[in-house]
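**Student:** Take this structure, written in structure tokens, and hold onto it; I'll ask about it next.
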Amino acid sequence: MVTKVIPLFDERSSAPLPRPPAAYAAPSGTLLDTRGRAMRDLRISVTDRCNFRCVYCMPKEVFDNDYQFLPHTDLLTFEEITRVARIAKDHGVEKLRLTGGEPLLRKNIERLIAMLARLDLDLTLTTNGSALAQKAQSLFDAGLQRVTVSLDSLDDATFRAMNDVDFPVQKVLDAIAAAAAVGLKPIKVNAVVKRGTNDHDIVNMARHFKGSGHILRFIEYMDVGASNGWRMDDVIPSAEVIARIHAEFPLEAIDPNYPGEVAERWRYADGSGEIGVISSVTQAFCSTCTRARLSTEGKLYTCLFATQGHDLRRLIRGGAGDDAIGAAMAGIWSQRGDRYSEIRTAQTPGIKKIEMSYIGG
Ligand code: SAM
Ligand code: SF4
Ligand code: SF4
């Protein structure tokens, strides 16, 4: 049972921008945090709005008609986003992922994609798929390379209940097909598994995507934000997901594509493709976490579970030059020591966490 919590606006407050490290000279190439982790990925939230109300992310009881989303003037413009991404590239970022909220709800998103594509980085997007069939061609033409589509069940009733807006599963399946047809592939399909809600569909999903060329990944349900009423009992450990699939379709573990890859990879012994599991709860991967997040209103977060962001928009709109923004970024990253998933449990329940739809999943 979810109680109504109005997320505290002071959760969105900013930490003071740290001083740049003494050794900083912009552009400085690879930045390392206090645990020796580089800043390699930038996840950019382009909107805090969504047309779904997934029970584990934006429960209706909290994200209702009275919920105050950010006004448009608070959102970073496409020019501002591109500028931050370019400066982040100077500091070692190699991958950009657009997310939200639902990124395809941001008007003219193709224009942003075209601007970011010029940076010549790996450029992807995570979507709920609701508007993907119509937009797949224009996204690809703008320079998007791949998409990740979230899909929690193939069972229509279960899927409708999880997105909680009665959205039919077939439309998401059509969107996956449309995206693959225009060349946005390989497609990753992300399923968050919640015990008693969609775990009955794990093997069926594996069966459906086996041999399709799409990579299905099961994500452990996480305690992000303050509104989803998370309980450890609702988490199905990835080991259990693998065991259930392995019993039907034998699996073999395979090496990561690159060091620090978040998903653990498994391939079907019969050669019909691979699946992944993301075990943020039962096997934390903080020690190799290279992800920074830029919120919709321009705050830089160094962890999905951070309690404060660093206000880059204030700098940008205050007239700061690229050097000053780069110096701020270097200062923030060099002081980073985040490892929430490693220390989750007894020490963490009181933490005021930011909602995933705001910070960007
Ligand atoms: N709206 C887009 C979507 O759903 O793909 C992008 C944003 S969404 C926040 C990004 C990803 O976060 C989705 O794959 C979603 O399933 C995942 N997610 C959201 N809440 C989660 C939670 N509590 N635990 C694990 N994953 C979660
Ligand atoms: Fe929207 Fe994505 Fe969150 Fe679902 S997971 S409510 S689609 S932002
Ligand atoms: Fe990275 Fe924070 Fe997640 Fe750990 S908890 S993997 S530091 S985002």
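**Student:** Compute the label zone of residue 73 within segment 308-324: residues whose backbone N is under 20 Å from the point 7 Å along Cα-to-Cβ.
**Tutor:** 311-320
**Student:** Further, regarding this structure: Across segment 273-328, what fraction of all alpha-carbon pairs, as a whole percent, falls in each successive 10 Å bin from zero upward?
**Tutor:** Cα pair-distance distribution for segment 273-328, in percent: 19, 37, 25, 14, 4, 0.
**Student:** Relative contact order for segment 216-361: what percent, with Cα pairs under 8 Å and sequence separation of 6 or more?
**Tutor:** Once divided by the residue count of segment 216-361, the mean separation gives 26 percent.
**Student:** Still on this structure, please answer the following. Quote to one decimal, in nm, the extra length available between residue 200 and residue 66 on full extension: 0.36 nm per residue of separation minus the C-alpha distance between them.
**Tutor:** That works out to 44.8 nm of additional length.
**Student:** Could you tell me the relative contact order of the chain? Use alpha-carbon pairs under 8 Å, at least six residues apart, and round to a whole percent.
**Tutor:** Reported as a whole number, the value is 26 percent.
**Student:** Accessible area of residue 67, 1.4 Å probe, to the nearest 10 Å²?
**Tutor:** 30
**Student:** Figure the gain on full extension for residue 32 and residue 282 (residue separation times 0.36 nm, minus the Cα-Cα span) and round it to one decimal in nm.
**Tutor:** 87.4 nm
**Student:** Once fully extended, how much extra length lies between residue 119 and residue 207, figured as 0.36 nm per residue of separation less the alpha-carbon to alpha-carbon distance?
**Tutor:** Stretched out fully, the residue 119 to residue 207 stretch lengthens by 27.9 nm.
**Student:** R0 = 45 Å: FRET efficiency of residue 314 with residue 161, Cβ-based, nearest 0.05?
**Tutor:** With R0 = 45 Å, the Cβ-Cβ based efficiency is 0.65.
**Student:** Could you look at the chain and say what percent of its accessible area is carbon and sulfur, using a 1.4 Å probe and all protein chains?
**Tutor:** 52
**Student:** Note the angle between two axes, namely the Cα long axis of helix 132-142 and the longest principal axis of the Cα atoms of the chain, as a number of degrees from 0 to 90, rounded to the nearest 10.
**Tutor:** Approximately 40 degrees, to the nearest ten.
**Student:** For the chain, which cysteines have no disulfide-compatible partner, meaning no other cysteine Cβ under 4.7 Å?
**Tutor:** Here 50, 286, 289, 303 come out as lacking a disulfide-compatible partner, given the Cβ-Cβ threshold of under 4.7 Å.
**Student:** Can you give the direction-averaged projected area of the convex hull of the alpha-carbon atoms in segment 209-346, in nm²?
**Tutor:** For segment 209-346, the mean projected area of the Cα convex hull comes to 11.0 nm².
**Student:** Skip the ligands, DNA and RNA, and give the accessible area per residue of segment 41-359 with a 1.4 Å probe, whole Å².
**Tutor:** 39
**Student:** Kindly state, to the nearest 0.05, the FRET efficiency for residue 232 paired with residue 94, given R0 = 45 Å and r defined as their beta-carbon distance.
**Tutor:** 0.85
**Student:** I'm a student and want to see the number: the projected area of the Cα convex hull of segment 171-280, averaged over all directions, in nm².
**Tutor:** 7.9
**Student:** Can you pull the three principal axis extents for the Cα set of the chain, in Å, largest first?
**Tutor:** In descending order, the Cα extents are 57, 43, 39 Å.
The values are calculated or read from the model by the stated rules, or taken from the named source; none is laboratory data. As the structure is a computational prediction, the values presented were derived from the model and not from experiment. Note that each Cβ is placed from the backbone with ideal geometry, even for glycine, and that neighbours are counted across all protein chains shown. Only protein heavy atoms, including side chains, enter the accessible area calculation; ligands, DNA and RNA are left aside. Shrake-Rupley method; radii C 1.70, N 1.55, O 1.52, S 1.80 Å.
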